[in-house]
Amino acid sequence: MNLEGEDLIHRIRTASKKEPADLVIKNGKVVDVFSGKLIEADIAITGGTIIGLGSYEGKRILNAEGKIVSPALIDGHVHIESSMLTPGAFAGVLAAHGVTSAVTDPHEIANVLGADGIRFMLERAADSLIDIYVMLPSSVPATSFEHNGATLHAEDLEPLFENDHVLGLAEVMDFPAVLNADPLMVEKLLMTRRHSWRIDGHAAGLDADGVNVYKAAGIRTDHECVNIDEAKDRLSRGMYIMIRQGTVAKDLPQLIGLVDETNSRRFLFCTDDKYTDDLISEGSVDYNVRMAIRSGLDPITCIKMASLNAAECYGLRTKGAIAPGYEANFLLLDDLDSFSIDKVYVRGVLVSENGKAVMKHSAHTVKAEDHPLILPELTPEKFRIKIGPTQKAHVIEIIPNSLVTRDTVEKVPVQDGNFSSSEREDLLKMAVIERHKGLGTIGLGIVKGFGLKSGAIATTIAHDSHNLVVTGYSDSDMIAAAERLKALKGGMVVINKGKVTAELALPIAGLMTDAAAEEVAEKLAVLRQAAAALGASESFNPFLTLSFLSLPVIPDLKLTDTGLFDVRTFCHIPVSAG
């Protein structure tokens, strides 16, 4: 008999109490996500799987001492690259916060390195503390209106389904391609159906008719709802709604009021994009759970959204519950209302205690190749923005803690026919510089809301094509910031009067580093302090906000390396409005 058959027989024998279980948890109050109640029962575990609830004896006993035993949590949609950590280091941070499974979309690294980037993420994730699942990027490039580092068609993606941790097709963000049944998009949808039914959506700004189109195409989820009306449209059309609380996009306060006992099974939590410092200080979806509980939602309902609902959404049939046949991924909580996590277990093994990982992931064997930045020669002339005689211009106005921006038309300061930054009006120049293939393209725009009074900030994390994005008060500092990132082979930098005041090198595709999470968090704190010293607003994260100002699939106005982009009309527009 093979090993799998022997394991099954062993589980049956321990479930029927003919043999002692490997581990039995006693004196705990169990979160029953099926009934929505707390129950008192022993939890018997064999071979990392829960085999019974009731009264059991085991080879080892874990005394829960009256604590609450909860299913471990699942992040339904996250981009690991946004943490700037490699998958193993990222997993350690999540494990410390009770998250033992994550569904990730590696479209950030895929937009730089293509299929090789996806393989790198899968290989690095294989030896991590938690289960990391991949949804294959659907839109590489995200649109045809900018330049990225790679193009992925269905034939490039399909071989990756051979990996058991590949679940389906990630957020389909090119709505026009779906609406017009673009052959390349249709082939990706059909390819996915050959292997899986899991297709994620990205329905930013879509009305009910647009949701109909997505749902008819087989797209089942959306994490881009920003208000209750949008969520209602998606809910009534049978979508799963991911309530997002990340570093920039903080949608939970606006959406949680819609959740009740009749509809809660269609909601789950995600972080989408969250920096390492926020992951360490706030947490992952455990933070979402605590926020939802504080809003007045029943704690067990919140836990169910973060566990069973996410597992069912993605067909993870052995995850998300404390019940026979489910993996022994669980948390010991001090109480429900605070959702304070004491210990975290993966398949019955302790991985974290008191917010610190007690196990380390295996040393990685997959080498990351440096990805050099190929920038054009940068001169002040290339940063000039001509403004017409009316002195009016389209301005990208930041909405703090939101991915959505406003397109405002206003009179701007002009010097010798060109835009000039204004401290009083909080208007800065912004540039997106192509960095992958040496094309030399530079998109220029005007942004409002950063608050910088001098200097410049820049990053090679620029969703989703990940060119170099920089904003600043002077052309010389913007150029100095870009040149410094070229020397670092990617990263984040603050420049003032030509000098570096803070930086973080991200040599893995310009997106990630092999440094430890704590080191990254410390450098991020220094970067934010340096930006604040230049006047940057402290009410939102300036670097993550900057990185999303180049994403041309979220309304209203964005900037790509080919120019200012109106997301509502899906076309480029001139900066000058006169």
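Quick one: which residue in 8, 53 is in a helix (DSSP H, G or I) and on the phi < 0 side of the Ramachandran plot? It would help to see each step written out before you state the result.
Details: 53 fails: in a helix (DSSP H, G or I).
From the options 8, 53, the qualifying one is 8.
Identify, by number, the condition in (1) surrounded by 24 or more Cβ atoms within 10 Å (Cβ to Cβ); (2) farther than 23 Å from residue 403 by Cα; (3) not hydroxyl-bearing (Ser, Thr, Tyr) that residue 466 doesn't meet.
Just one mismatch for residue 466, condition (2).
For residue 498, all conditions in the list (1) under 28 Å from residue 279 (Cα atoms); (2) surrounded by fewer than 24 Cβ atoms within 10 Å (Cβ to Cβ); (3) free of Cβ contacts under 8 Å to residues at least 40 places away in the same chain hold save one; what is the number of the exception?
Failing condition for residue 498: (1).
One line per residue, one yes/no per condition, for (1) modelled with pLDDT of 95 or more; (2) more than 16 Å from residue 348 (Cβ to Cβ); (3) more than 37 Å from the chain's Cα centre (by Cα):
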{"site": "6", "(1), (2), (3)": "no, yes, yes"}
{"site": "18", "(1), (2), (3)": "yes, yes, yes"}
{"site": "23", "(1), (2), (3)": "yes, no, no"}
{"site": "28", "(1), (2), (3)": "yes, no, no"}
{"site": "37", "(1), (2), (3)": "yes, yes, no"}
{"site": "44", "(1), (2), (3)": "yes, no, no"}
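Yes/no matrix, rows are residues, columns are (1) of a type in the set (Phe, Trp, Tyr); (2) in contact (Cβ under 8 Å) with a residue 40 or more places away in the chain; (3) closer than 12 Å to residue 330 by Cβ:
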site: 40; (1), (2), (3): no, no, no
site: 51; (1), (2), (3): no, yes, no
site: 54; (1), (2), (3): no, no, no
site: 73; (1), (2), (3): no, yes, yes
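Would you say residue 101 is within 26 Å of residue 299 (Cα to Cα) and either free of Cβ contacts under 8 Å to residues at least 60 places away in the same chain or assigned to a strand (DSSP E or B) (or both)?
Values: within 26 Å of residue 299 (Cα to Cα): yes; either free of Cβ contacts under 8 Å to residues at least 60 places away in the same chain or assigned to a strand (DSSP E or B) (or both): yes.
Answer is yes for this residue.
Just give me the residues in segment 29-50 being farther than 25 Å from residue 265 by Cβ and in a loop (DSSP other than H, G, I, E, B), in sequence order.
If the condition is that a residue be farther than 25 Å from residue 265 by Cβ and in a loop (DSSP other than H, G, I, E, B), then 47, 48 are the ones that fit.
Could you list, in sequence order, the residues of segment 71-92 that are crowded, with 24+ Cβ neighbours inside 10 Å and part of a helix (DSSP H, G or I)?
80, 81, 82, 83, 87, 89, 90, 91
Scan 456, 530, 509 and give me the residue that is of a type outside the set (Lys, Arg) and under 24 Å from residue 250 (Cβ atoms).
Values: 456 fails: under 24 Å from residue 250 (Cβ atoms); 509 fails: under 24 Å from residue 250 (Cβ atoms).
None of the other options fit; the residue is 530.
Here is a list: 526, 470. Which entry is of a type in the set (Val, Ile, Thr) and not in a helix (DSSP H, G or I)? Walk me through it before giving the result.
Numbers: 526 fails: not in a helix (DSSP H, G or I).
Only one candidate passes the filter, namely 470.
In segment 49-65, is there at least one residue being more than 30 Å from residue 240 (Cβ to Cβ), exposed (fewer than 14 other Cβ atoms within 10 Å of the Cβ), of a type in the set (Asp, Glu) and modelled with pLDDT of 95 or more? Show your work before the answer.
If we filter segment 49-65 for residues that are more than 30 Å from residue 240 (Cβ to Cβ), which is where we start, we get 52, 54-65.
So of that shortlist, the ones also exposed (fewer than 14 other Cβ atoms within 10 Å of the Cβ) come out as 54-55, 59-60, 63, 65.
Narrowing further to those that are of a type in the set (Asp, Glu): 65.
Subset that is modelled with pLDDT of 95 or more: 65.
Scanning segment 49-65 turns up at least one residue that is more than 30 Å from residue 240 (Cβ to Cβ), exposed (fewer than 14 other Cβ atoms within 10 Å of the Cβ), of a type in the set (Asp, Glu) and modelled with pLDDT of 95 or more.
Looking for whichever is within 30 Å of residue 174 (Cα to Cα), modelled with pLDDT of 95 or more and either more than 32 Å from the chain's Cα centre (by Cα) or part of a loop (DSSP other than H, G, I, E, B) (or both) here; the options are 451, 440, 445. Which one fits? Before the answer, list the steps.
On the way: 451 fails: within 30 Å of residue 174 (Cα to Cα); 445 fails: either more than 32 Å from the chain's Cα centre (by Cα) or part of a loop (DSSP other than H, G, I, E, B) (or both).
Being within 30 Å of residue 174 (Cα to Cα), modelled with pLDDT of 95 or more and either more than 32 Å from the chain's Cα centre (by Cα) or part of a loop (DSSP other than H, G, I, E, B) (or both) holds for just one of 451, 440, 445, which is 440.
If you take the residues of segment 413-437 that are more than 33 Å from the chain's Cα centre (by Cα) and outside any loop (DSSP other than H, G, I, E, B), which of them is surrounded by the most Cβ atoms within 10 Å (Cβ to Cβ)?
Filtering segment 413-437 for residues that are more than 33 Å from the chain's Cα centre (by Cα) and outside any loop (DSSP other than H, G, I, E, B), the one surrounded by the most Cβ atoms within 10 Å (Cβ to Cβ) comes out as 419.
When only residues in segment 369-396 that are within 28 Å of the chain's Cα centre (by Cα) and surrounded by 18 or more Cβ atoms within 10 Å (Cβ to Cβ) count, which is modelled with the lowest pLDDT?
First, pick out the residues of segment 369-396 that are within 28 Å of the chain's Cα centre (by Cα): 369-375, 395-396.
Keeping just the survivors that are surrounded by 18 or more Cβ atoms within 10 Å (Cβ to Cβ) gives 371, 373, 375, 395-396.
Details: 371: 78, 373: 94, 375: 97, 395: 98, 396: 98.
Going through the qualifying residues, I end up with 371.
Of the residues that sit in segment 125-157 and are more than 30 Å from residue 558 (Cα to Cα) and in contact with a strand residue (DSSP E or B) (Cβ under 9 Å, 6 or more places away or on another chain), which one is surrounded by the most Cβ atoms within 10 Å (Cβ to Cβ)? Don't jump to the end; show me each part of the working.
Of the residues in segment 125-157, the ones more than 30 Å from residue 558 (Cα to Cα) are 125-133, 155.
Still in the running and in contact with a strand residue (DSSP E or B) (Cβ under 9 Å, 6 or more places away or on another chain): 125-126, 129-133.
Values: 125: 27, 126: 17, 129: 25, 130: 25, 131: 20, 132: 25, 133: 20.
Top of the filtered list is 125.
Is there a residue in segment 13-23 that is within 29 Å of residue 298 (Cα to Cα) and either in the same structural domain as residue 510 (by TED's automatic domain parsing) or buried (at least 19 other Cβ atoms within 10 Å of the Cβ) (or both)? Show your work before the answer.
Keep residues of segment 13-23 that are within 29 Å of residue 298 (Cα to Cα), which gives none.
No, that holds for no residue.
The values are calculated or read from the model by the stated rules, or taken from the named source; none is laboratory data. All figures in this text were calculated on a predicted structure; none of them were measured in a lab. Using ideal geometry, Cβ is built from the backbone for each residue, glycine included, and neighbour counts are taken over all protein chains shown.
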